[in-house]
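Colleague: Pasting in a structure now, in structure tokens, and then I'll have a few things to ask.
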Amino acid sequence: MTPGPVRDRRSTGWLKRLAAAYAAELVEPGMVVGLGSGSTAELVIRELAARVRAGMALTGVPTSRRSERLARRLGISLLAPEQAPAIDLAIDGADEVERETLNLLKGRGGALVREKLVASLARRLVIVVDVSKLVDRLGERMPVPVEVVPFAWTGPARELERLGGRPVLRVAAPGRPYRTDNGNLILDVDFGPLDQPEALAREIKLITGVVDHGLFLGLTDTVIVGEPAGVRVLRREQPSPPA
């Protein structure tokens, strides 16, 4: 039988904690940090709170009410995005990371719109995952979350079907649809593995009633991966300057 400590090092939770601790080390004193949402991002928030207790000054910009409550309870000073003069670094998790491009699929936690806004405002986006989140193509394991306004939501659902997807309304409990922090609904749309995510992302955004989707393309250059052997850092190659 495998000894307990070794078995623990192969668990998803241990790998997430390993990567979260590494990501927290990237935060420098005085930074304004985008605080992601979800279980992995919450591990990062806890690591940052420990650094605050040790005397480091930093300010967080939370991407969800849940992350805000946790950060506030742990003693991290917070600002709303519109109050922050700049966001130096955003740290978040992801549901899928495409190995070659570092494009992301996000939104299982329901905060995709706020996460994308903070990511787009940050000077740098760092993603923290365990090795199980790496895929060859986005959509291999997860549907694409699409946030839509509640009014006439079946209209966007039909348009997503026209694009080749199979939308399912996310529910919080039997008979009760899930509501985002923005008061909207989420359609989880199965497109299968995506050959052209950029084209699909553009088509989804053109649908009336769609707020945004969980395809985060070209937003991150660094992914921190927790693996049984330790931490692996993936970086997206930057285009060469013109000759």
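Colleague: Can you report the number of residues in region 167-197 which are in contact with a Gly (Cβ under 9 Å, 6 or more places away or on another chain), farther than 15 Å from K106 by Cα and outside any loop (DSSP other than H, G, I, E, B)?
Modeller: 0
Colleague: If you don't mind, there's one more thing I want to ask. Working only within region 120-155, note down all residues that are small (G, A, S) and surrounded by fewer than 23 Cβ atoms within 10 Å (Cβ to Cβ). Break it down stepwise before answering.
Modeller: Here is the first cut: in region 120-155, the residues small (G, A, S) are 120, 122, 132, 139, 152, 155.
Passing the criteria: S120, S132, G139, A152, G155.
Colleague: Starting from residues that are under 22 Å from the mean Cα position of the chain (by Cα) and free of Cβ contacts under 8 Å to residues at least 12 places away in the same chain, keep the ones in region 157-176 and report whichever is surrounded by the fewest Cβ atoms within 10 Å (Cβ to Cβ).
Modeller: Applying the filter and picking the extreme gives A172.
Colleague: Could you say which residue among A54, A80, A84 is loosely packed, with under 14 Cβ neighbours inside 10 Å, out of contact with any Phe, Trp or Tyr (no Cβ under 9 Å at 6 or more places or on another chain) and either farther than 18 Å from A20 by Cβ or not assigned by TED's automatic domain parsing to the domain that holds G226 (or both)? Step through it out loud before you land on a result.
Modeller: Values: A54 fails: either farther than 18 Å from A20 by Cβ or not assigned by TED's automatic domain parsing to the domain that holds G226 (or both); A84 fails: loosely packed, with under 14 Cβ neighbours inside 10 Å.
One residue alone meets the criteria, A80.
Colleague: Please return the ranges of helices (runs of 4 or more DSSP H) entirely within region 4-93 where 3 or more residues are more than 21 Å from L134 (Cα to Cα).
Modeller: Values: elements: 4-8, 12-24, 39-53, 65-73.
Passing ranges, in order: 4-8, 39-53, 65-73.
Colleague: Can you tell me which condition R166 does not meet? The list is (1) under 30 Å from L18 (Cβ atoms); (2) of a type in the set (K, R); (3) touching a Pro at 6+ places or on another chain (Cβ under 9 Å), and all the others hold.
Modeller: Among (1) under 30 Å from L18 (Cβ atoms); (2) of a type in the set (K, R); (3) touching a Pro at 6+ places or on another chain (Cβ under 9 Å), R166 violates only (1).
Let's see how each residue does on (1) farther than 27 Å from G230 by Cα; (2) small (G, A, S); (3) without any contact (Cβ under 8 Å) to a residue 24 or more places away in the chain; (4) in the same structural domain as L206 (by TED's automatic domain parsing):
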| residue | (1), (2), (3), (4) |
| --- | --- |
| L112 | yes, no, no, no |
| K116 | yes, no, no, no |
| S120 | yes, yes, no, no |
| V128 | no, no, no, no |
| V148 | yes, no, no, yes |
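Colleague: Cβ-Cβ under 9 Å, sequence separation 6+ or interchain: first residue in region 12-37 and at positive phi, partner assigned to a strand (DSSP E or B). Which pairs?
Modeller: That search, which allows pairs on different chains as well, returns G30/T59.
The values are calculated or read from the model by the stated rules, or taken from the named source; none is laboratory data. This is a predicted model, so every value here is computed, not measured. Note that each Cβ is placed from the backbone with ideal geometry, even for glycine, and that neighbours are counted across all protein chains shown.
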